[in-house]
Amino acid sequence: MTATTLHFWDDGAAAELAATPGEFLARLPGPLEIFQRGRDRSRYRVVVGMLHGNEPSGLVAIHRWLRAGRTPAVDTSLFVVAVEAARLPPGLAHRMPPGRRDLNRSFAGPFDDVDGALARALHRRIAHRPCEALIDLHNNTGRNPPYGVLTRPSPAHLALVSLFADTTCLLSELKLGTLLEVIADAFPAVTIECGQAHTPAADDVATRGLTRFLDSERLPLASVPESHRFFEQPVRVNLRSGIRLAFAEQPVSEVDLTLRPDIENHNFQRPADGTVVGWLQPGAAWPFRSADAAGRDVSRDCFVLGDDGVLRWRGDLVPIMMTTDARVAFADCLCYLMRQRGLPVAA
């Protein structure tokens, strides 16, 4: 079987499971759909776990749900996707196989490679039947509270997020080729960032929310409280190719850009104007590309470079998903910058 094959198990095939998520992963035939018959056979929901091989909370939550032997409220498909990447040594450490595309940036095409073909197969399988809601479970590499991501604000979307978290980010204008984007018009669907990968807290967030989602006879469960935090207007911060990067308390002379190792502590908190981000070596090229929804580079609106080479924050932007993992910073992005608003709808 190739990596593009989306395998299928029904309830019976999933009955005898491995004792741990790691053993469960080792036994999977590849990217997999597990179908469960619900108490109400007329309706259908979807859970997607582990679109990235280094984000295991979705795998853990799905494994725990199956081990519990419970019947979901409605027919449900549980997808475990990035099996190949997750199995690469040392295990659960690779976002995608080396040299390959990010699977969750492949849903808008092209579809003529392994990752595009798998993304299209997954999308088609999800769309084979009317669906009332979808949850896509992820992790971060940095320190972030649990939060939801959605592409359009509505009471149904925000209520889905509230099963897992009290914070929502609206990414309606970014076009990255994610699963959420290609199903945005079909039914309520949200991505849940459960917290830092490989932590019990993130696994527990995924498990509790997944159980509520699958046990609930009707969605949404309740109104969203006014304390729910809402962020919008994202600016994606990328590092320019060729930049030499280090994370340290002081400037590192051998690299172009030194970022403070505690920058991720500012996630979901507005830093004070003038907060030090890091240092840029004299003569080094400007290190950031921060494209807004129109594609305009606004990085110099977000960061200030002093004559002393010190980089500082400015403005009312709030960083989220700030990472101190250089691999993630180059392969995906350094962070997003957003603005906090009141809830956009009476949810």
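Pairs linking a residue in the range 287-298 that is more than 13 Å from Met338 (Cβ to Cβ) to a residue that is β-branched (Val, Ile, Thr), with Cβ atoms under 6 Å and 6 or more positions apart or on different chains, are Pro287/Ile243; Phe288/Val237.
If the Cβ limit is 8 Å and pairs must be 6+ apart or interchain, which residue in the range 60-78 that is in the same structural domain as Pro200 (by TED's automatic domain parsing) pairs with which residue that is part of a helix (DSSP H, G or I) and of a type in the set (Lys, Arg)? That search, which allows pairs on different chains as well, returns Ser77/Arg125.
Flag: Gly295 matches the condition of being outside any helix (DSSP H, G or I) and loosely packed, with under 15 Cβ neighbours inside 10 Å. Met338 falls short on exactly one of the conditions (1) surrounded by fewer than 18 Cβ atoms within 10 Å (Cβ to Cβ); (2) assigned to a strand (DSSP E or B); (3) in contact (Cβ under 8 Å) with a residue 60 or more places away in the chain, and that condition is (1).
So for the range 267-287 (the condition being surrounded by 19 or more Cβ atoms within 10 Å (Cβ to Cβ), out of contact with any strand residue (DSSP E or B) (no Cβ under 8 Å at 6 or more places or on another chain), closer than 25 Å to Leu174 by Cβ and at pLDDT below 95), does at least one residue qualify?
No: zero hits.
Taken over the range 244-279, the criterion of being aliphatic (A, V, I, L, M) and under 25 Å from the mean Cα position of the chain (by Cα) is satisfied by Leu245, Ala246, Leu259, Ile263, Val277. The number of residues in the range 144-188 being β-branched (Val, Ile, Thr) and farther than 27 Å from Pro110 by Cα comes to 3.
Just one residue in the set Ala189, Ala184 is in contact with a Lys or Arg (Cβ under 8 Å, 6 or more places away or on another chain), aliphatic (A, V, I, L, M) and under 29 Å from His94 (Cβ atoms); that residue is Ala184. Quick check, is Thr191 buried (at least 20 other Cβ atoms within 10 Å of the Cβ) and out of contact with any Pro (no Cβ under 7 Å at 6 or more places or on another chain)? Here the answer is yes, as Thr191 does meet what is asked. So how many residues does the range 194-223 have that are within 25 Å of Arg105 (Cβ to Cβ) and either surrounded by fewer than 21 Cβ atoms within 10 Å (Cβ to Cβ) or of a type in the set (Gly, Ala, Ser) (or both)? Within the range 194-223, residues that are within 25 Å of Arg105 (Cβ to Cβ) and either surrounded by fewer than 21 Cβ atoms within 10 Å (Cβ to Cβ) or of a type in the set (Gly, Ala, Ser) (or both) number 8. Here Arg300 fulfils each of the conditions (1) more than 22 Å from Asn144 (Cβ to Cβ); (2) part of a loop (DSSP other than H, G, I, E, B) apart from (2). For the residues Ala184, Ala165, Ala159, Ala206, the requirement of being small (Gly, Ala, Ser), within 21 Å of Cys335 (Cβ to Cβ) and in the same structural domain as Ile62 (by TED's automatic domain parsing) singles out Ala165.
Could you pull out every one of the helices (runs of 4 or more DSSP H) wholly within the range 19-122 that has 1 or more residues that are at pLDDT below 95 and surrounded by fewer than 20 Cβ atoms within 10 Å (Cβ to Cβ)?
Details: elements: 21-27, 57-68, 83-87.
The helices (runs of 4 or more DSSP H) meeting that bar are 21-27, 57-68.
Residues in the range 38-75 that are among the β-branched types (Val, Ile, Thr) and within 21 Å of the chain's Cα centre (by Cα): Val46, Val47, Val48, Val60, Ile62.
For the condition within 17 Å of Val182 (Cα to Cα) and either in contact (Cβ under 8 Å) with a residue 24 or more places away in the chain or crowded, with 16+ Cβ neighbours inside 10 Å (or both), what is the one hit in His128, His138, His157?
The conditions single out His157.
The values are calculated or read from the model by the stated rules, or taken from the named source; none is laboratory data. Remember, predicted model here, so these are calculated numbers, not experimental data. Please note: Cβ atoms are built from the backbone with ideal geometry, for glycine as well, and neighbour counts cover all protein chains shown.
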